[in-house]
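J.: Mind having a look at this structure? Questions to follow.
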Amino acid sequence: MRRPLVAGNWKMNGSREAIDLLLDGLSGISTTAEVAVFPPYVYLPQVVSTLCGSGIDVGAQNVSEYQAGAYTGEVAADMLLDIGCRYVLVGHSERRSLFGEKDRQVAEKFVASQRSGLIPVLCVGETLEQRASGKTLAVIGAQLDAVLERAGLESVCNGVIAYEPVWAIGTGKTATAEQAQEIHREIRQQLGEPGMKTRILYGGSVKAANAAELFAQQDVDGALVGGASLDSGEFREICKKAYVAN
Ligand code: PGA
């Protein structure tokens with residue numbers, strides 16, 4: 001049985017005050033799913049301390065592939081674990097497209113996270129152009145392969161995977177539930193038997209109105225939610241719709 005995970009990626013949004021309000025709005029959240037939020041680095045301690053004992057986990061949006069040393073501006077996986085993070089996003093499409101992260105670097109980040117005891121959420125997904133030219137499966141396959149080669153099958157299967165079609169991120173365009181299921185099934189097939197335990201989240205314009213249909217798909221084990229996670233009411237509704245299937 002895979003317990004669904006609803007993850008809120010706040011991206012580069014918030015202030016101390018706005019985050020207090022948002023967290024207030026999440027208190028007493030009711031769901032059988034696991035819930036985690038991913039604030040910007042500097043607010044992690046605030047969020048970890050406010051959520052302590054709430055049952056909501058905390059993750060970071062990025063991590064360095066290096067362990068320690070002269071890497072100005074970077075944050076190590078050990079540091080994230082030290083301040084109370086459980087999860088970390090690796091290879092989000094914004095990191096790949098805006099900051100030039102390549103498959104190899106993403107694979108290193110995945111390994112560094114697991115080495116420290118964090119659970120990496122590996123993001124994969126195709127652009128509109130790649131989908132239009134029939135390359136979706138090849139692109140996602142290659143993104144996964146890079147991590148499989150570096151980390152090994154068992155390690156990848158112990159992480160979380162988020163399928164996020166780039167064309168659906170922040171655009172209001174969601175993949176249909178069938179489109180999502182098709183790719184999730186392919187990803188699980190690529191992982192083989194050990195992948196039966198792996199949670200594969202869908203991400204890209206998830207909101208309360210489309211969450212139930214997505215969560216009803218056999219291989220969709222929750223969501224990575226961007227914009228809608230900044231609205232506590234909307235995020236609560238999404239969490240409510242995620243349930244533990246038998
Ligand atoms: P979105 O973002 O829900 O705003 O589309 C998802 C993400 O980037 O993780």
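The values are calculated or read from the model by the stated rules, or taken from the named source; none is laboratory data. From a predicted model like this one, the values you see are computed outputs, not experimental measurements. Here the Cβ positions follow ideal geometry from the backbone for every residue, glycine too, while neighbour counts run over all protein chains shown. The area values use the complete protein model at the heavy-atom level, side chains included, leaving out ligands, DNA and RNA. Shrake-Rupley method; radii C 1.70, N 1.55, O 1.52, S 1.80 Å.
J.: If I stretch the segment between L153 and E237 completely, what's the gain in nm (0.36 nm per residue apart, minus their alpha carbon distance), one decimal?
T.: Working: separation 84, 0.36 × 84 = 30.24 nm, distance 3.42 nm.
Length gained, L153 through E237: 26.8 nm.
J.: Still on this model: Simple spin-label model, 7 Å along Cα-to-Cβ: E182 to S97 in nm?
T.: That separation, rounded to one decimal, is 2.0 nm.
J.: Taking Cα centroids, how far is the stretch 214-246 from the stretch 151-184 in Å?
T.: The stretch 214-246 and the stretch 151-184 have Cα centres spaced 14 Å from each other.
J.: Same structure, new question: Within the stretch 8-225, how many Lys pairs that are eight or more residues apart, or on different chains, come under 21 Å at the alpha-carbon?
T.: Values: K11/K102; K11/K109; K11/K173; K11/K207; K102/K135; K135/K173; K173/K207.
Here the count comes out as 7.
J.: Give the carbon-plus-sulfur fraction of the accessible surface of the chain in %, rounded to a whole number; probe 1.4 Å, heavy atoms of protein chains only. Show your work: numbers first, answer last.
T.: On the way: 5680 of 11060 Å².
Carbon-and-sulfur percentage of accessible area, whole number: 51.
J.: Which part of the stretch 141-173 falls in the paramagnetic zone of A209, meaning amide N under 17 Å from the point 7 Å along Cα-to-beta-carbon?
T.: The answer is 168-173.
J.: Looking at the chain, what % of its DSSP beta bridges pair antiparallel, to the nearest 5? Working shown, then result.
T.: On the way: 0 of 28 bridges.
Once the DSSP bridges in the chain are tallied, antiparallel ones form about 0 percent.
J.: Where the centroid of each part is defined by its Cα atoms, how far is the stretch 90-143 from the stretch 1-48 in Å?
T.: The stretch 90-143 and the stretch 1-48 have Cα centres spaced 23 Å from each other.
J.: Moving on to the next point. Run the dipole for the chain about the Cα centre, Lys and Arg Cβ at +1, Asp and Glu Cβ at -1, nothing else charged, and hand back the magnitude in debye, nearest 20.
T.: Numbers: 23 positive and 29 negative charges, 33 e Å.
Result for the chain is approximately 160 debye, rounded to the nearest 20.
J.: So what is the relative contact order for the chain, in percent, with contacts set as C-alpha pairs under 8 Å and at least six apart?
T.: Numbers: 491 pairs, mean separation 60.0, N = 246.
Over the chain, the number comes to 24 percent.
J.: Here is a follow-up. Can you work out the base-10 log of I(q)/I(0) for the stretch 144-239 at q = 0.16, 0.18 1/Å, using the Debye formula on its C-alpha atoms alone?
T.: -0.65, -0.79
J.: Please arrange L191, L148 by accessible surface area, largest first, computed with a 1.4 Å probe and ligands excluded. Can you show the working numbers first?
T.: Working: L191 5, L148 30 Å².
Sorted descending by solvent-accessible area, the residues read L148, L191.
J.: Using helices alone, what [θ] at 222 nm do you get for the chain, with -39,500 (n - 2.57) per DSSP H run of 4 or more residues, divided over all residues and rounded to the nearest 500? Walk me through the numbers before you get to the answer.
T.: Details: 11 runs with 104 residues, N = 246.
Helix-only estimate at 222 nm: -12000 deg cm²/dmol.
J.: Over the stretch 8-225, average the accessible area per residue using a 1.4 Å probe and give it in Å², no decimals. Walk me through the numbers before you get to the answer.
T.: Working: 9620 Å² over 218 residues.
I get 44 Å² per residue for this part.
J.: With only alpha-carbon atoms counted, please give the Rg and Dmax of the stretch 8-225, in Å.
T.: So, for the stretch 8-225, Rg and Dmax equal 16.7, 48 Å respectively.
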